Amino acid sequence: AKYVYDFTEGNRNLKDLLGGKGANLAEMTNLGLPVPPGFTITADACRHYLAEGSLPDGLEQEVAGHLAALESTMGRKLGQADDPLLVSVRSGAKFSMPGMMETVLNIGLNDESVHGLAKQAGGNDRFAWDSYRRLIQMFGKTVLDIDGDLFEGALDRLKGRRQDTDLDAGELQQLVETYKGIVREQTGADFPADPREQMRLAVMAVFDSWNAPRAILYRRQERIPADLGTAVNIMAMVFGNYGDDSGTGVAFTRDPGSGQQGIYGDYLQNAQGEDVVAGIRNTIPLQDLERIDPSSYRELLAIMETLENHYRDLCDIEFTIERGKLWMLQTRVGKRTAAAAFRIATQLVDQGLITMDEAVTRVTGDQLAQLMFPRFDGGAEKKKIAKGMNASPGAAVGKAVFSSERAVELAEQGEDVILVRRETNPDDLAGMIAARGILTSRGGKTSHAAVVARGMGKTCVCGAEELEVLPAERRFVAPGGVEVSEGEVISIDGRTGEVFLGEVPVVPSAVVEYFEGAAEPADDLVKAVDRIMRHADGVRRLGVRANADTPDDAARARRFGAQGIGLCRTEHMFLGERRQLVEDLVLATTDEERQAALDALEPLQKSDFIGIFQAMDGVPVTIRLIDPPLHEFLPDLVELSIKAATQEATGKDRRLLSAVKRLHEQNPMLGLRGVRLGLVIPGLFAMQVKAIAQAAAEVPGARPEIMIPLVAAVQELESVREEAVKILAEAGVEALIGTMIEVPRAALTAGQIAEAAEFFSFGTNDLTQMAWGFSRDDVESSFFHRYLDLGIFGVSPFESIDREGVGRLIEIAVAEGRAARPDLHLGICGEHGGDPDSVHFCHDVGLDYVSCSPFRIPVARLEAGRAAL
Ligand code: PEP
Ligand code: MG
């Protein structure tokens, strides 16, 4: 096997093998851009190492060969005492995981080569010692696992109130000695001086960092598979820390926050690597580079244009300027906010770079869902206390907390919190996930907090420099002496960067108003959404219906683009005041009593259906006959027992108690519900069908479809169907009669069931419950956490369809159902109908429609379009 690729050998399509960074470094190399030479160790090698605990055979020789080639290109050897080649060792997985894995710079330095480096730099001792202390610090932390604060602390003590750039060569040399002491003390061994040993250990540390807790957490959050492993890039060092004619920066080809075209980035003079994103010193806007180094600036802009045209998308880049010479260290198609994604996709269409089909694939249902979040009420009274950068949009309100742990703690107690930090680092990830929003006082739009928050779709305001954040004291101080301590409520606006004291009321998003039809597409974001949605609707094959039980929900669903109702849960119509009537029905001991209770319910049901038929105005409405376990309608057994034992208990209370006892079930979800209830309580389903028929007769154009729940055997369906057909014929109303497929046996006998059903709708909530044997009401809050940790699944099967198991049942039912009845109409109405991955699955297996809650309808429309492309 080949485990090592020179940058000249790869290309951007090899991300599986070379990781995103390696593949794109190769792509840039082949575009003729100034990339320092180097090579990539594949993710295959990492997977082998993680599985076997050792490097694959032959890897070390292969690396040695590539290193020799690199040395000959550079005309110097790794760590050579009088004129050293230094390299960086950087992680790079297939999917970018910003800051989650390790990087070590300046490999090859030791007590001898540090002098060679100074000579190479024209006698620049300061630079050489600065590079050396950085090596020990990074290597110590990431490879040797030493607490990074020990190094930070030593640096802070040395510099006092000065900046790191104010330290002179002598002081840095002294710092190197201190650092070496820390290494000796913490590991019991000297800092490894052998350059090749440094490189070998760094490579393994990068591999190991794939399984660092924060990387695991990040992958779970972003649904990145746990077994991909990371590639490692080894590249000749270029130095941004030579002096003021050098520096390092990050840039975006457009604003990743808004999507506006322009120059966005941060630059830091006389700095290296992570300094920019770590917020060590405050960066300057990229525009200022024009003044500092006009020729590098012009070259950078030209390269940015080349990259955008080549990738046909927004790119982000990392670059270094070494004594006036520009070097590209990384590029990738950049993360962006949801709003930027929609704007950029349509801008690129207008520039002729991509087609509308491609534009639809450039945005996701999750991004659309984010644009449907509410925002702060512009008219509300607000007390603004600071303004930072609008790093990631949204409107977040919560109690201020000052550490990741506290954020997690309070969120677990159900509190909304805003995580307030000076700057965040990868260790804050758990707190960022737990918080409603993130506020930092330092760092720009490319800081860790900003990048990660954007990726998660979480509201973030960063670099609010007027705030003095005091994490140890759990408070911050805003201008004018305003103090906010832990637990006090603040509101942050990720669109404007504003920070407010107290709770600011929120209003619906402009995108929702557009979907509601309340607003014409006015601003450019809504226009972009409108264009993309129209195109998605034009290309999608899947229909989109709504799960709605009330005329209001039905009407909203229609405005959001629903082409029908896929699930109207009639049991929801039996709650509230009508519960009494259900009690009467259950308590009935004679046919007369039962009929009286049903007669009382019928007109109420009829008027419910009339409302829904009117709201849906001629599109299909799938009405499911009553489903849930009866005990949900009856008083609680314990309460009732207590009441029955008291003096005031009536005869009815006692009768009710004995009925409740009689109906009590150990496993109600597997008990008397759905079609079973219809077969056991005479007249119940007939009453519902009558109400449907009469309502349909009164609303012109009504298109009812009657759906029987929880069928497991065709015989159940046949007997209900017979009665329903009779009632419909008497009323002179036409309606399809079909069934849910939500019991595994139904899926496995779909051929038989299709004989008695004109349509199937997959009830994937129950189908998942019964296929896995997971109680849908219990497991997510009890042990799924552990299952996710163990990687048994990457996402709850109740959230996204388990293709292998539940999906297989669906495939069988689709194939056998259609074989028995070629015009069988097929849909899904479980919660999965609004989940992006599941929508793609439904497209793939050839369903006719998905049905989901009204607010998910735009998401399902968009994803159905993406699935078709
Ligand atoms: C289902 O089981 O997927 C379904 C839609 O029915 P309910 O959630 O009402 O059980
Ligand atoms: Mg169900």
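The values are calculated or read from the model by the stated rules, or taken from the named source; none is laboratory data. Keep in mind it's a predicted model, so treat the numbers as computed, not measured. No Cβ is skipped: glycine too gets one built from the backbone with ideal geometry, and neighbour counts run over all protein chains shown.
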### Query
Given the conditions (1) of a type outside the set (Ser, Thr, Tyr); (2) in a helix (DSSP H, G or I); (3) out of contact with any helix residue (DSSP H, G or I) (no Cβ under 9 Å at 6 or more places or on another chain), which single one is not true for residue 390?
(2)
### Query
Under the condition of being over 27 Å from residue 843 (Cβ atoms) and surrounded by 15 or more Cβ atoms within 10 Å (Cβ to Cβ), which residue from the range 528-552 is modelled with the lowest pLDDT?
550
### Task
State which residue is farthest from residue 330 (Cα to Cα) when the search covers only the range 1-45 and only residues that are in a strand (DSSP E or B) and of a type in the set (Val, Ile, Thr).
4
### Message
Between 800, 838, which is of a type in the set (Ser, Thr, Tyr), within 16 Å of ligand 2 (Cβ to nearest atom) and under 14 Å from residue 767 (Cβ atoms)?
### Response
838
### Task
Scan the helices (runs of 4 or more DSSP H) fully inside the range 781-869 and keep the ones with 1 or more residues being surrounded by 24 or more Cβ atoms within 10 Å (Cβ to Cβ) and either touching a helix residue (DSSP H, G or I) at 6+ places or on another chain (Cβ under 7 Å) or free of Cβ contacts under 8 Å to residues at least 24 places away in the same chain (or both).
806-820, 836-845, 857-868
### Query
Which residue pairs have Cβ atoms closer than 6 Å, lie 6 or more positions apart in sequence or on different chains, and pair a first residue in the range 454-479 that is farther than 16 Å from residue 500 by Cβ with a second residue that is of a type in the set (Phe, Trp, Tyr)?
469/476; 471/402; 474/402
### Cβ pairs under 6 Å, 6+ apart, first in the range 756-768 and aliphatic (A, V, I, L, M), second more than 8 Å from ligand 1 (Cβ to nearest atom)
756/714; 756/717; 756/718; 756/721; 757/738; 757/739; 767/806
### Query
Hey, does the range 734-746 have a residue that's surrounded by 17 or more Cβ atoms within 10 Å (Cβ to Cβ) and away from ligand 1 (no atom under 16 Å from the Cβ)?
yes
### Task
Considering every residue within the range 747-754, establish whether at least one is more than 26 Å from residue 839 (Cα to Cα), more than 31 Å from the chain's Cα centre (by Cα) and away from ligand 2 (no atom under 16 Å from the Cβ).
yes
## Note on the structure
Scanning the range 18-60 for residues that are among the polar types (S, T, N, Q) and modelled with pLDDT of 95 or more, the one farthest from residue 101 (Cα to Cα) turns out to be 30
### Message
Anything in the range 320-362 that is touching a Ser or Thr at 6+ places or on another chain (Cβ under 7 Å) and within 20 Å of residue 18 (Cα to Cα)? List them, or say none.
### Response
329, 332
### Summary
With criteria (1) in contact with a Leu (Cβ under 7 Å, 6 or more places away or on another chain); (2) within 16 Å of ligand 2 (Cβ to nearest atom), residue 655 comes up short on (2)
### Query
Going by the structure shown, is residue 773 within 16 Å of ligand 2 (Cβ to nearest atom) and in contact with a Cys (Cβ under 6 Å, 6 or more places away or on another chain)?
no
### Flag for residue 722 being of a type in the set (Asp, Glu), surrounded by 23 or more Cβ atoms within 10 Å (Cβ to Cβ) and at negative phi
no
### Query
Looking at (1) in contact (Cβ under 8 Å) with a residue 40 or more places away in the chain; (2) assigned to a helix (DSSP H, G or I), which is the one condition that is false for residue 104?
(2)
### Query
Can you tell me which residue in the range 755-775 is modelled with the lowest pLDDT, limited to those that are part of a loop (DSSP other than H, G, I, E, B) and buried (at least 17 other Cβ atoms within 10 Å of the Cβ)?
774
## Note on the structure
Scanning the range 615-643 residue by residue, those modelled with pLDDT of 80 or more, buried (at least 18 other Cβ atoms within 10 Å of the Cβ) and either more than 16 Å from ligand 2 (Cβ to nearest atom) or not polar (S, T, N, Q) (or both) turn out to be 615, 616, 619, 620, 621, 623, 624, 625, 626, 627, 640
### Task
Please identify the pairs in which a residue from the range 602-619 that is at positive phi and touching a residue at least 24 places away in the same chain (Cβ under 8 Å) has its Cβ atom under 8 Å from the Cβ atom of a residue that is surrounded by 16 or more Cβ atoms within 10 Å (Cβ to Cβ) and in a helix (DSSP H, G or I), counting only partners at least 6 apart or on another chain.
617/558
### Query
From the list 743, 714, which residue is away from ligand 2 (no atom under 16 Å from the Cβ), within 42 Å of the chain's Cα centre (by Cα) and farther than 27 Å from residue 615 by Cα?
714
### Task
Could you tell me which of the residues 146, 234, 182 is surrounded by 18 or more Cβ atoms within 10 Å (Cβ to Cβ) and either part of a loop (DSSP other than H, G, I, E, B) or without any contact (Cβ under 8 Å) to a residue 24 or more places away in the chain (or both)?
146
### Matching residues, the range 676-720, being within 16 Å of ligand 1 (Cβ to nearest atom) and without any contact (Cβ under 8 Å) to a residue 40 or more places away in the chain
712
### Task
Confirm whether residue 705 is farther than 23 Å from residue 822 by Cβ and among the acidic types (Asp, Glu).
no
### Task
Could you check, for the range 689-701, whether at least one of its residues is within 24 Å of residue 594 (Cα to Cα) and out of contact with any helix residue (DSSP H, G or I) (no Cβ under 6 Å at 6 or more places or on another chain)?
no
### Task
State whether one or more residues within the range 166-176 are at pLDDT below 95, buried (at least 20 other Cβ atoms within 10 Å of the Cβ) and assigned to a helix (DSSP H, G or I).
no
### Message
Checking the structure you have, find out if any residue of the range 814-827 is more than 16 Å from ligand 2 (Cβ to nearest atom) and more than 24 Å from residue 755 (Cβ to Cβ).
### Response
no
### Message
Looking at the range 685-707, can you tell me whether even one residue there is surrounded by fewer than 17 Cβ atoms within 10 Å (Cβ to Cβ), within 16 Å of ligand 2 (Cβ to nearest atom) and part of a helix (DSSP H, G or I)?
### Response
no
